[in-house]
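Trainee: One structure follows; several queries about it will come next.
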Amino acid sequence: MTRIYFNEVVTRDGFQIEPHFIPTEDKVKLINELSQCGFAKIEVTSFTSPKAIPMLRDAEEVMGKISRISGVEYTVLVPNLRGAERALESHADELNLVMSTSETHNLANLRMGREKSFSSLAEVIRFVNGKIPINVSLSTAFGCPMEGNVPQGVVETFAQQFADLGVRGLTICDTTGMANPAQVAKMASDLQKKFSHLQLTFHFHNTRGMGLANVLAAVQSGIVRFDGSLGGLGGCPYAPGASGNISSEDAIHMLDAMGYETGMDIPRLLNLARELPKIVGHSVPGQVAKAGSTCDLHPVPEYVKALG
Ligand code: COA
Ligand code: ZN
C-alpha cells in the first residue's frame, strides 16, 4: 500500500486570506489538535512582513506556544533573509521558501522580480547552511492569473537552480486553481524523472473544481506528498481571484477510500473540520465533514423497514 504524506497548511495558507484576525490562542489550539491527527508536516505560520500578511503577525508567539509532538515536522513559510532569521530563532523544523514562477505574480506578492527573489533565497540557503532542511514552494507553476500560461520549462529551470543549491524538497503550487489533470500528470512524471532525489510535494487550490482530480492525477503519476488545508480554506491575498486550497479531509478521505495509506485519524480530522466555521465565523467549502465519511451510514427509514 503506497504511503501518502500530508502537510496541513490551514493556519498559514488557510488563514492568511481571512478578513478578521484569528486570535493567537485559537491558532495554537487548532495546531495542537492537528498535531494529533497524523499529519507528516504542519505549516504553522509565515515569517513575512506583518504589513503584507497581518493575519500572521503573531508568528513568533504561535511558534513559541504550540506543543510539538515527535513525528510531525513544523515548517514555516519564509520570503527573505529577515524571515529566515525569525524562523530559526523560533526553532522551525524546516524553512519553506517561496517565490513565484510568474514574473507578474512575484512582483505582486513579493514586490520584486523573480531573479531578485531567487538571489535573495539563495542567500537564505547559504545563511541556513544545512542547519535545518529547506523546501522551496514555486507558486503559479500551473498558470498565473495575470500572465496566463507558465511554461513547464520555466518551472523546471527554477527547480533545477534550487536543486543545485541543495534543497531537500520542492512544492509545485497551483496558486489559483488553473491546473488540469493532464497538465498535472505531465508535470509530475517529468519532475520525478529529473528530481528523483528531492521530496516533491504538490499544492492545489480548488478554485475551478479540479482540485481532487488533480490530486488523483498526481498520485497516479507517483507523487506521494500533498499540501492540503482543513475545510478547504485558503488563498494568496496577492493573486487576483484566489480561493481555497483542496480540503485536507476530502483529499485524505478519497485516498484512504482508494486504499492508500495516509496515516491519518480521519474521524478526528473530520471532527476538527466541523469546528472550523466557529473559528473563522463562516461556513467552509470542505464536503466530507458535512456529508460524513462513506463509512458513516444512515439509519434505514421506517417505511423501508416496513416494506421488508
Ligand atoms: N518579517 C518581518 N518584517 C519584514 C520582513 C520579514 N520577513 N521582511 C520585510 N519586513 C519589513 C521591513 O522591516 C520593513 O518594515 P518597515 O516598513 O517598518 O521599515 C517592511 O517590511 C518593508 O520591507 P521591504 O524589504 O521594503 O519589503 P517589501 O515592502 O518590498 O516587501 C516582502 C517584501 C517579501 C517582505 C513582503 O512582500 C512580504 O512579506 N510578502 C509576503 C507575501 C505572502 O506571504 N504571500 C502569501 C504567500 S504565497
Ligand atoms: Zn496556496
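Trainee: Sort out which residues of segment 22-48 are among the aromatic types (F, W, Y) and within 16 Å of ligand 1 (Cβ to nearest atom), and write them in order of number.
Mentor: Correct list: F47 only.
Trainee: Got a sec? Which helices (runs of 4 or more DSSP H) wholly within segment 172-289 have at least 2 residues that are over 27 Å from L107 (Cα atoms) and within 16 Å of ligand 1 (Cβ to nearest atom)?
Mentor: Hits in segment 172-289: none.
Trainee: Continuing with the same structure: Looking only at strands (runs of 3 or more DSSP E) that fall completely inside segment 1-117, which ones have 2 or more residues that are crowded, with 16+ Cβ neighbours inside 10 Å and more than 16 Å from ligand 2 (Cβ to nearest atom)?
Mentor: The qualifying strands (runs of 3 or more DSSP E) are 73-78, 94-100.
Trainee: So which residues in segment 189-206 are free of Cβ contacts under 8 Å to residues at least 40 places away in the same chain and either under 27 Å from G14 (Cα atoms) or in contact with a Ser or Thr (Cβ under 8 Å, 6 or more places away or on another chain) (or both)?
Mentor: S189, L191, Q192, L198, L200, F202
Trainee: Within segment 182-192, can one find any residue that is modelled with pLDDT of 95 or more and under 26 Å from I53 (Cα atoms)?
Mentor: The answer is no, given that none of the residues of segment 182-192 is modelled with pLDDT of 95 or more and under 26 Å from I53 (Cα atoms).
Trainee: If you don't mind, another one. Working only within segment 248-298, note down all residues that are touching a Cys at 6+ places or on another chain (Cβ under 7 Å) and basic (K, R).
Mentor: Of everything in segment 248-298, just one residue is touching a Cys at 6+ places or on another chain (Cβ under 7 Å) and basic (K, R), namely R268.
Trainee: Mind checking which residues of segment 136-188 are of a type in the set (D, E) and in contact (Cβ under 8 Å) with a residue 24 or more places away in the chain?
Mentor: Across segment 136-188, the qualifying residues are E147, E156, D174.
Trainee: For residues in segment 128-147 being within 16 Å of ligand 1 (Cβ to nearest atom) and hydrophobic (A, V, I, L, M, F, W, C), which is surrounded by the fewest Cβ atoms within 10 Å (Cβ to Cβ)?
Mentor: M146
Trainee: Then there is this: Could you tell me whether any residue of segment 155-170 is modelled with pLDDT of 95 or more, under 22 Å from N7 (Cα atoms) and assigned to a strand (DSSP E or B)?
Mentor: Checked segment 155-170: at least one residue is modelled with pLDDT of 95 or more, under 22 Å from N7 (Cα atoms) and assigned to a strand (DSSP E or B).
Trainee: Can you tell which of V155, V167, V150 is within 19 Å of the chain's Cα centre (by Cα) and either within 16 Å of ligand 2 (Cβ to nearest atom) or surrounded by 23 or more Cβ atoms within 10 Å (Cβ to Cβ) (or both)?
Mentor: When all the criteria are applied, what remains is V155.
Trainee: Here's a follow-up. Going through segment 239-256 one residue at a time, which ones are away from ligand 2 (no atom under 13 Å from the Cβ) and either free of Cβ contacts under 8 Å to residues at least 24 places away in the same chain or among the aliphatic types (A, V, I, L, M) (or both)?
Mentor: Once the filter is applied, which keeps residues that are away from ligand 2 (no atom under 13 Å from the Cβ) and either free of Cβ contacts under 8 Å to residues at least 24 places away in the same chain or among the aliphatic types (A, V, I, L, M) (or both), segment 239-256 yields A251, I252, M254, L255, D256.
Trainee: Would you mind telling me which numbered condition in (1) part of a helix (DSSP H, G or I); (2) more than 25 Å from R168 (Cα to Cα); (3) small (G, A, S); (4) in contact with a strand residue (DSSP E or B) (Cβ under 7 Å, 6 or more places away or on another chain) A306 fails?
Mentor: So A306 meets the others, but not (4).
Trainee: While we're on this one: Does segment 49-66 hold any residues that are away from ligand 1 (no atom under 13 Å from the Cβ), of a type outside the set (D, E, K, R) and over 25 Å from Q199 (Cβ atoms), and which are they?
Mentor: G64
The values are calculated or read from the model by the stated rules, or taken from the named source; none is laboratory data. Nothing here was measured: the structure is a model prediction, and the numbers come from that model. So basically every Cβ, Gly included, is an ideal-geometry build from the backbone, and we count neighbours across all protein chains shown.
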